[in-house]
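Step one of this worksheet: look at the structure below.
The values are calculated or read from the model by the stated rules, or taken from the named source; none is laboratory data. These numbers come from a predicted model, not from an experiment. Please note: Cβ atoms are built from the backbone with ideal geometry, for glycine as well, and neighbour counts cover all protein chains shown.
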Amino acid sequence: MSSLEFETAEMRPVKAWCTQEEVHVTLADGRTISTPLWWYPFLRGLDMDALNEIELMYEGIWWSRPDEGISVKSMFLGHKAPGAKAPEKAA
């Protein structure tokens, strides 16, 4: 799939929010995609207010406090940010 196929009006984020465990994005075509919060180490340490101060961009979402963002394409393809490590599961 080419990059241009992701850069359509239907793939544009229209809403984004975080829970304590996931990042959620609703697209213009009505789909909602979610990825684990731990995929984005640059969000570690932010409180819920900061996590939900999200700017919608044409191709993704942006947080001003860490000055970082993620693309819708990376969410769909499962691309984690550098340094992402899954939390250890309790025994």
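Values as computed for the structure displayed
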| item | result |
| --- | --- |
| G30 being modelled with pLDDT of 95 or more, at positive phi and in a loop (DSSP other than H, G, I, E, B) | yes |
| Odd one out for M57, checked against (1) exposed (fewer than 11 other Cβ atoms within 10 Å of the Cβ); (2) in contact with a strand residue (DSSP E or B) (Cβ under 9 Å, 6 or more places away or on another chain) | (1) |
| Matching entry among E21, E68 (being among the acidic types (D, E) and surrounded by 13 or more Cβ atoms within 10 Å (Cβ to Cβ)) | E68 |
| Failed item, numbered, when G83 is tested on (1) surrounded by fewer than 13 Cβ atoms within 10 Å (Cβ to Cβ); (2) in contact with a Pro (Cβ under 6 Å, 6 or more places away or on another chain); (3) part of a helix (DSSP H, G or I) | (3) |
